[in-house]
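To keep things clear, I will list the structure first and then write my remarks on it.
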Amino acid sequence: MTAAPPTAAPAFDGLVARALAGELGPDPRRQRTTVAFTTSQAVRHDGRRGGYRNEVLSLRLGRATGSCAVEPGALPAATVTDCAGAALADLLGHPLLPVRVAALDAYLMDTAPHTPAHGARPVALPGGTSLERSRARARAVVDLLDQPPGSTVLVVGVVNSLLAELRARGLTGVPCDLKGGTTEWGEPVVTDAAAHLDRCDAVLASGMTLGNGTFDPLLRHAREHGRELVMFAQTGSAVLPRFLGAGVSAVCAEPYPFFWLDGGPGTVHHYRAAHGGTP
């Protein structure tokens, strides 16, 4: 039998406070990271007219790696050096939000890894080109949405493969990203998620919202209005399942190494809130 998802938390800072208090596992004051590193990526898929860049901060704690995506070049140069070998409690209280997110992700990945015993259901991703793997990941993410054709979905964190998959299923995606711009198909990308929440039936959001501070408002809206909120998480893949039943409906968790780093087969992990069925 699959275990119930982890106990839900009301907000990110509340979850950090519980970790610091030793409520979620071993005392973080007695644990230290061993490795800190960044992964910088530029993407331009064959057949796509646009490209994008990613940068991810990752921290190694014991057997686990926790990650948080950031805007390229946003981290101070000394961040990686400062984080390597640091006490986990210090990183959970770090002034930089992405460091706190990566530290909490590593801690929870170590104490509650993505296994059926912790509520996860593995979903295989086939090997292939970068675009083939992107599309496969998109199918795995959109599978978690429980919306009929004709519904409107706010997509926070623009991924063109996700928008294409929504369209293929008869769903209308409203692309939203702090950077603005246009999609692969020339559609305008809105920058203010809050201004578009009320006209959408569901929200599909990137875990990067944890690292830029925009996750908690999405969580509150979903909780207060009963809207479906599905997260696709490279950032905070072990953090976001903790919000199941407290606003988050489902999570497609993808820990490091991510699909875009390798052409071979891989695995993502599905979580659903209890009311949506046991994973």
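Might you check whether a residue that is surrounded by fewer than 18 Cβ atoms within 10 Å (Cβ to Cβ) and either free of Cβ contacts under 8 Å to residues at least 24 places away in the same chain or in contact with a Ser or Thr (Cβ under 7 Å, 6 or more places away or on another chain) (or both) occurs anywhere in region 96-105? The answer is no; no qualifying residue exists.
Looking only at region 149-174, filter to residues that are assigned to a strand (DSSP E or B) and without any contact (Cβ under 8 Å) to a residue 60 or more places away in the chain; which one of those is nearest to V43 (Cα to Cα)? Once the filter is applied, the top-ranked residue is V155. Filtered by the rule that a residue be assigned to a loop (DSSP other than H, G, I, E, B) and at pLDDT below 95, region 26-60 gives R44, H45, D46, G47, R48, R49, G50, G51. Screening L108 against (1) under 16 Å from the mean Cα position of the chain (by Cα); (2) surrounded by fewer than 16 Cβ atoms within 10 Å (Cβ to Cβ) leaves a single unmet condition, (2).
Determine whether G186 is modelled with pLDDT of 95 or more, in a loop (DSSP other than H, G, I, E, B) and either more than 29 Å from T65 (Cα to Cα) or of a type in the set (A, V, I, L, M) (or both). Criteria not met by G186. Among residues of region 25-40 that are assigned by TED's automatic domain parsing to the domain that holds R60 and touching a residue at least 60 places away in the same chain (Cβ under 8 Å), those with a beta-carbon under 7 Å from a residue that is in a loop (DSSP other than H, G, I, E, B) and loosely packed, with under 14 Cβ neighbours inside 10 Å at least six positions away or on a different chain give the pairs T33/G85. With respect to the conditions (1) assigned to a loop (DSSP other than H, G, I, E, B); (2) closer than 15 Å to V268 by Cβ, G85 falls short on a single one, namely (2). Only one entry in A136, A102 is outside the structural domain of F37 (by TED's automatic domain parsing) and assigned to a helix (DSSP H, G or I), namely A136. Screening V142 on (1) in contact (Cβ under 8 Å) with a residue 40 or more places away in the chain; (2) under 14 Å from L204 (Cβ atoms); (3) touching a Ser or Thr at 6+ places or on another chain (Cβ under 8 Å) shows it passes everything except condition (3). Collect the residues in region 217-258 that are outside any loop (DSSP other than H, G, I, E, B), buried (at least 21 other Cβ atoms within 10 Å of the Cβ) and not aliphatic (A, V, I, L, M), keeping them in residue-number order. Selection gives E228, F232, P241, R242, F243, C252.
The values are calculated or read from the model by the stated rules, or taken from the named source; none is laboratory data. For clarity, every value in this text was computed on a predicted model and none was experimentally measured. Every residue, glycine as well, gets a Cβ built from its backbone with ideal geometry; the counts of neighbours run over all protein chains shown.
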